[in-house]
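As structure tokens, the structure follows; a few thoughts come after it.
The values are calculated or read from the model by the stated rules, or taken from the named source; none is laboratory data. The shown structure was predicted, so the numbers you read here are calculated from the model rather than taken from an experiment. Cβ placement follows ideal geometry from the backbone for every residue including glycine, while neighbour counts extend to all protein chains displayed. When the accessible area is computed, the model is the full protein with side chains, heavy atoms only, and any ligands, DNA or RNA have been set aside. Shrake-Rupley method; radii C 1.70, N 1.55, O 1.52, S 1.80 Å.
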Amino acid sequence: MSEFNVEKIRQDFPILSREVRGKKLIYLDNAATSQKPLAMIEAQARVYKELNANVHRGVHFLSQESTDAYEKSRVKIAKFIGAKSEQEIIFTRGTTEAINLVASTWGKANIKAGDDIVVTRMEHHSNFVPWQSLAKEKGANFKIIELNPDFTLDLNHLESVLKLGKTKILAFTAMSNVLGTINPVKEIAAMAKKYGALVLVDGAQAVAHTATVLKDFGDIDFLAFSAHKMCGPTGIGVLWGKKDVLLAMPPYQFGGDMILQVGDSDTSWNELPWKFEAGTPNYGDSIAFGAALDYLQKIGMKQIHEYEQELLKYAREAIVKLPGIRVLGPEPGLQGGVLSFTSATVHPHDLATFLDVQGIAIRAGHHCAQPLMRKLGVIATNRASFYFYNTKQEIAFFINALGNALEYFQ
Ligand code: C6P
């Protein structure tokens with residue numbers, strides 16, 4: 001085990017000391033949303049206690065203070081992912097809205113009938129349906145890259161599609177929320193560029209666990225991620241885009257703050273990033289997101305990643321010893337802290353309900369990835385997902401309870 005003081009870290013998360021159903025909470029549903037440290041909770045409360053005023057709209061002291069905090073948070077996010085400029089950071093409600101923004105602005109302006117829009121079999125609905133819908137609207141072809149039997153992406157299939165030279169955009173996840181598969185983003189992006197396609201990366205899962213995001217991802221054009229999966233508040237997320245690509249895109253929504261000048265018959269748009277932020281933004285949560293990033297960086301993203309890999313290895317080695325359990329995910333090393341499994345005999349919802357009675361929170365269902373479920377030939381899986389405040393003891397308890405569940409349902 002690395003030099004990682006998990007017991008000390010856990011004290012930063014008030015919710016981790018509560019009981020559920022009379023049992024100590026074991027929270028293993030981190031891929032759905034992470035828990036929140038006090039530093040973030042207090043930063044959010046401070047906004048409303050001390051500096052609440054609408055941003056970009058007042059000359060008075062409070063408005064300037066809140067605008068300053070809002071824009072400072074944008075700078076923190078830019079630094080966290082290694083963006084060239086904070087102008088490339090657009091606040092959205094989350095990953096879903098960030099992807100919809102690109103599909104409806106860039107997509108509507110650039111996709112024509114006969115073009116290829118390419119996604120993969122392991123996409124979350126948020127990175128599948130907006131593209132499928134855009135393709136329908138424009139008469140474009142919607143293509144899905146399949147997986148290898150080991151749950152990795154079939155790069156030969158991808159290249160065979162890209163080679164046709166018709167792909168306008170390749171949208172794929174950096175890490176699957178079901179399989180945990182970590183895709184080789186840099187390699188895939190380079191391949192897409194070779195054939196002239198733009199690249200959108202869904203970072204909803206990966207950014208929460210990656211130390212040097214844009215450097216690792218190479219030549220991509222867009223990145224979408226959500227604060228709530230990385231110790232931040234719900235309802236806030238980011239679209240990062242290359243400046244020249246964003247500049248060429250039409251606005252998303254229309255209203256306050258995104259305009260420069262409104263004439264009776266014409267309107268001009270504000271500079272980046274505000275061109276894409278119509279209306280009063282969610283400055284409270286944006287500021288709190290900055291505090292969450294400060295917290296993560298204090299712990300160290302590299303340490304977080306390494307520790308999670310230890311937890312995953314421990315869990316995987318233990319779970320495969322249980323009778324009838326099938327793990328759906330690639331070999332260790334190619335997998336993030338997400339462990340999906342099925343039982344040969346027990347329905348995922350029964351298992352999750354049994355565990356819930358023991359205070360253990362895991363997810364059961366299709367994980368918003370029905371195209372993947374269909375291909376895997378299952379209607380649902382169980383999924384345990386880890387973050388840096390989980391412990392080996394919690395995992396041991398979970399595995400033991402899972403063993404009991406399997407026995408009980410026999
Ligand atoms: N996955 C899960 O339990 P939002 O809801 O916009 O913050 O994120 C959507 C999303 C997009 N892509 C991936 C890879 C995701 O994992 C998610 C969210 C959660 O797996 C909720 S369904």
Next on the checklist: How much accessible area per residue does the range 1-98 have, counting only protein heavy atoms and a probe of 1.4 Å, in square angstrom?
Outcome noted: 55
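What is the extension gain from ARG46 to LYS136, computed as 0.36 nm multiplied by their sequence separation minus the C-alpha to C-alpha distance, in nm to one decimal?
Values: separation 90, 0.36 × 90 = 32.40 nm, distance 4.59 nm.
Working it through step by step, the gained length comes to 27.8 nm.
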Checklist entry - Considering only protein heavy atoms, what is the solvent-accessible area of ARG316 at a probe of 1.4 Å, reported in Å² to the nearest 10? => result 40
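Could you tell me which of rounded, prolate or oblate describes the chain, using a ≥ b ≥ c as the square roots of the eigenvalues of the alpha-carbon gyration tensor, with rounded for a/c under 1.5 and, failing that, prolate when a/b is larger than b/c and oblate otherwise?
On the way: a/c = 2.08, a/b = 1.24, b/c = 1.68.
The shape class here is oblate.
What do you reckon, how do ASP219, ASP264 stack up by accessible area (1.4 Å probe), largest on top? Could the numbers behind the result be given before it?
On the way: ASP219 70, ASP264 170 Å².
Heavy-atom accessible area, descending, gives ASP264, ASP219.
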Checklist outcome for this item: Distance in nm between ASP264 and ARG10 label points, each 7 Å along Cα→Cβ, equals 6.9
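Considering every pair of different Cα atoms, what Kirkwood radius, in Å, is found for the range 286-346?
Result for the range 286-346, one decimal place: 13.6 Å.
Gain in length, ALA109 to ASP154, computed as 0.36 nm per residue apart minus the alpha-carbon separation, to one decimal in nm?
Numbers: separation 45, 0.36 × 45 = 16.20 nm, distance 2.98 nm.
Between ALA109 and ASP154, full extension yields 13.2 nm more.
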Checklist entry - So, counting K/R as plus one and D/E as minus one, what does the shell of residues with Cβ under 10 Å around ALA352 add up to? => result -1
Checklist entry - Once label points are set 7 Å from the Cα along Cα→Cβ at both ALA248 and ASP356, what is their separation, rounded to one decimal in nm? => result 4.9
Checklist entry - Looking at this model, which pairs from LYS76/LYS275; LYS36/LYS186; LYS186/LYS298; LYS8/LYS302; LYS76/LYS298 are more than 22 angstrom apart at the alpha-carbon? => result LYS36/LYS186; LYS186/LYS298
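Multiplying the sequence separation of TYR408 and HIS347 by 0.36 nm and subtracting their Cα-Cα distance, what value in nm do you get?
20.7 nm
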Checklist entry - Between LYS392 and GLU271, what is the spin-label point distance in nm, taking each point 7 Å from the Cα along the Cα→C-beta axis? => result 5.3
Item to check | Span from the the range 16-51 Cα centroid across to the the range 225-245 one, whole angstrom | outcome: 19
Item to check | Gyration tensor (alpha-carbon) shape descriptor, the range 1-127, a/c threshold 1.5 | outcome: oblate
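Using just the alpha carbons, could you tell me how many Å³ per residue the convex hull of the range 245-350 encloses?
Details: hull volume 23.0 nm³, N = 106.
Hull volume normalised by residue count: 217 Å³.
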